Amino acid sequence: MNDPYRAPASGGDRLRAGLALQIVAAATGVPVDQINRGVRRGGQACRARWLAMYLAHVTYGWPIERVGHAFGMNRATAAQACRWAEDERDRPWLDDLLNRLERSVRDILDTPRVELPA
């Protein structure tokens with residue numbers, strides 16, 4: 001079977017996953033199109049995607065399976081990403097970065113929704 005993994009995810013979950021990807025891309029300088037490539041990612045793009053998945057897990061309080069679904073990954077991949085990020089939080093610079101990114105996401109989500117005129 002060569003089909004890519006596809007799991008059901010709501011539009012809201014995909015929107016929030018996209019927010020995490022955009023914020024990580026802005027903070028790391030790794031473009032979202034590189035992070036989101038449909039092929040195996042290497043180096044920085046892989047780590048940036050893992051950071052985005054971890055950010056979604058801790059900021060939104062999502063279980064690992066939901067993180068995987070929102071990012072179009074399986075549960076094992078999402079779990080590996082979150083384990084890596086949690087282990088890397090021992091590095092002060094990365095812990096500080098993740099704390100700032102978590103605050104940024106929460107600030108955005110706490111902003112009252114605005115209905116734009118048609």
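Odds and ends about this structure:
- Here Val67 qualifies as surrounded by 23 or more Cβ atoms within 10 Å (Cβ to Cβ), closer than 23 Å to Ala26 by Cβ and within 11 Å of the chain's Cα centre (by Cα).
- Residue that is most open to solvent (accessible area, probe 1.4 Å), among those in segment 86-111 that are among the acidic types (Asp, Glu) and under 14 Å from the mean Cα position of the chain (by Cα): Glu86
- Residue within segment 70-81 that is at pLDDT below 95, open to solvent by 50 Å² or more (accessible area, probe 1.4 Å) and touching a helix residue (DSSP H, G or I) at 6+ places or on another chain (Cβ under 6 Å) present: yes
- Close pairs (9 angstrom Cβ cut-off, 6 or more residues apart or separate chains): more than 18 Å from Ala17 (Cβ to Cβ) in segment 92-118, part of a loop (DSSP other than H, G, I, E, B) and open to solvent by 70 Å² or more (accessible area, probe 1.4 Å) anywhere: none
- Candidate set from segment 38-64 (those that are open to solvent by 30 Å² or more (accessible area, probe 1.4 Å) and of a type in the set (D, E, K, R)); member that is modelled with the highest pLDDT: Arg47
- Hits in segment 73-82 - residues which are under 15 Å from Gly61 (Cα atoms) and without any contact (Cβ under 8 Å) to a residue 24 or more places away in the chain: Ala79
The values are calculated or read from the model by the stated rules, or taken from the named source; none is laboratory data. Given the structure is predicted, the values throughout are model-derived calculations rather than measurements. Cβ atoms come from the backbone with ideal geometry, glycine included; neighbour counts cover every protein chain shown. Remember, those area values only see protein heavy atoms, side chains included, never the ligands or the DNA or RNA. Shrake-Rupley method; radii C 1.70, N 1.55, O 1.52, S 1.80 Å.
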